[in-house]
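Worksheet: the structure to be examined is printed underneath.
The values are calculated or read from the model by the stated rules, or taken from the named source; none is laboratory data. From a predicted model like this one, the values you see are computed outputs, not experimental measurements. When we count neighbours, we look across all protein chains shown, and the Cβ atoms used for this are built from the backbone with ideal geometry, even at glycine. With ligands, DNA and RNA removed, areas are computed over all heavy atoms of the protein, side chains included. Shrake-Rupley method; radii C 1.70, N 1.55, O 1.52, S 1.80 Å.
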Amino acid sequence: MGYIANYGYADGSGTWYVIIDSGKCDGCGKCVEACKENVFEVITDDYDDLVAIVKQEKRKSVKYLCNPCISATGKENLPCYLACEKGAIKHSW
Amino acid sequence: MAQEFWRWEESRWNSPDIDWRKEDVITAGVDVGSVSSQAVIMVDGEIYAYANMRTGSDSPDSARNVMKWALEGTGMTVDDIHYIIGTGYGRVNVPFAHRTITEIACHARGANFMYGPTIKTVLDMGGQDCKAIRVDDKGKVTNFLMNDKCAAGTGRGMEVFAELMGVPIGDVGDISLDIDEEPDPVSSTCVVFAKTEAVGLLRAGWLKNKVLAAYCSAMAHRVYTLLERIGVEKDFGITGGIAKNKGVVKRLEKELGLTALTPKHDTQLAGAIGAALFGKGLVEKSRKAG
Ligand code: SF4
Ligand code: SF4
């Protein structure tokens, strides 16, 4: 069984989290290649499983990184969603 | 020297009843946070010794110092410990650790130990950030969230506030509850803005207890929104330094409509306890594998 990881923040303007379901993610790394903003990396987590995470230094800016992408392709066709065959990635907004 | 209102009490303890030389598995967790550092030594899954002190300017030194303090007078040395895990903000700077584990996983595990397996929702209010964590009955994380942007609602924020108000940090909670009527929360919990706002309120003639109430209530509301996102299921417990602040805890409980579990241990130790327990698991696993 995996866990749901919420990376990002909430501020006065809204809730900005990139959400990864470690139970679905198999660490294939396709999202890492698909995202031009380099949001993701694959690591071995605390429970010794390979999993994608949002890089530490990107967590403070997911709103600004993902919004241009969302307006360009629409939420259904984001590069990261299309790349992830497991459907492990979501956004909170 | 002028009184330092932010200064909280450092502490150390070791069990007079345990003879570590007779025990099987000795592990330690070292949690180097931005504000405080803890070392917990566990023998066969029980807390044998701990130390809790302020983090210095140098993380490796803080790690060494807190470990040294925990070991003091026990006759034990670092080499007697089978496995040491570093966690917290400065976890990569624990030179003698065999492995690092994130504070999320360690707090979940530590809360499960401190509060028992009925705990499902953990709020860690640390020095630098707040985390809302859902856990299963083994203390494994099932959902987590932290606010990576803003240091509001944290131990550091509380220290700055105590200093500004000239109220010893350990008294902030009680004084904030000593009011006739609950004021509106300050509109911002951001350390910088809250400071300006507090100064304004004092100038406008508000008494200290009322300003403290407004600040504690803002902090409580802020962490409430974090918890809301992951969903709160009881039992609910709080770890980290702010868990000791009744002014925040009581207001949060009211907003949640839930009572937090009563801690059996110092809430600042949760991360280090969790780390030491991870260590125990790893030692047992490697022994089994032969
Ligand atoms: S929405 Fe775009 S920028 Fe954001 S993670 Fe997905 S691919 Fe990267
Ligand atoms: S593409 Fe999906 S399954 Fe593969 S690493 Fe990324 S999140 Fe995990």
Original post:
Taking a probe of 1.4 Å, how large is the accessible area per residue of segment A:4-91, in Å²?
Top reply: 50
Original post:
Once you list every other residue whose beta carbon is under 15 Å from the beta carbon of A:K36, what net charge do they have if Lys and Arg are +1 and Asp and Glu are -1?
Top reply: 0
Original post:
Taking a ≥ b ≥ c as the square roots of the eigenvalues of the Cα gyration tensor of segment B:1-154, is the shape rounded (a/c under 1.5), prolate (a/b larger than b/c) or oblate?
Top reply: oblate
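When a/c reaches 1.5 or more, the comparison of a/b and b/c decides; with that in mind, is chain B rounded, prolate or oblate per its Cα gyration tensor?
Prolate, because a/c is 1.5 or more and a/b exceeds b/c.
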**OP:** Anything over 28 Å Cα to Cα? Flag those among A:K55/A:K86; A:K30/A:K75; B:K195/B:K234; B:K208/B:K250; A:K90/B:K131; B:K140/B:K210, in the order listed.
**Re:** B:K195/B:K234; B:K140/B:K210
Original post:
Is the protein assembly as shown best put as rounded, prolate or oblate by its Cα gyration tensor, with a ≥ b ≥ c the root eigenvalues, rounded for a/c under 1.5, and otherwise prolate when a/b is larger than b/c, oblate when not?
Top reply: oblate
**OP:** As a check on your grasp of the helix formula, calculate [θ] at 222 nm for chain A: sum -39500 (n - 2.57) over DSSP H runs of n ≥ 4, divide by the residue count, round to the nearest 500.
**Re:** -6000 deg cm²/dmol
**OP:** Taking only Cα atoms and a 10 Å spring cutoff, compute GNM fluctuations for chain A and point out the largest among A:Y47, A:Y81, A:Y64.
**Re:** A:Y47
Subject >> chain B - charge dipole about Cα centre, Lys and Arg +1 at Cβ, Asp and Glu -1, debye rounded to 20 >> reply: 640
**OP:** Specify the angular offset, from 0 to 90 degrees and rounded to the nearest 10, of the alpha carbon long axis of helix A:62-73 from the longest principal axis of the alpha carbons in chain A.
**Re:** 80
Original post:
Can you work out ³J(HN,Hα) from phi for every residue in segment B:94-100, in order, using Karplus 6.51 cos²θ - 1.76 cosθ + 1.60 and θ = phi - 60°, giving whole Hz and x for Gly and Pro?
Top reply: 9, x, 9, 7, 7, 7, 10
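Counting only protein heavy atoms, what percent of the accessible surface of the protein assembly as shown is carbon or sulfur at a 1.4 Å probe?
Working: 8620 of 17340 Å².
Exposed carbon and sulfur together represent 50 percent of the surface.
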**OP:** Pull up all non-local amide H partners of B:T239: gap of 5 or more, or a different chain, and H-to-H distance under 5 Å with H placed in the peptide plane.
**Re:** B:L123, B:D124, B:M125
Subject >> Sequence-distant residues sharing a close amide H with B:T55 (under 5 Å, placed H) >> reply: B:S36, B:S37
Original post:
Considering the dipole of segment B:160-290 built from charges on the beta carbon (Lys and Arg +1, Asp and Glu -1) around the Cα centre, which of B:G257, B:G173, B:A289 is farthest to its positive end?
Top reply: B:A289
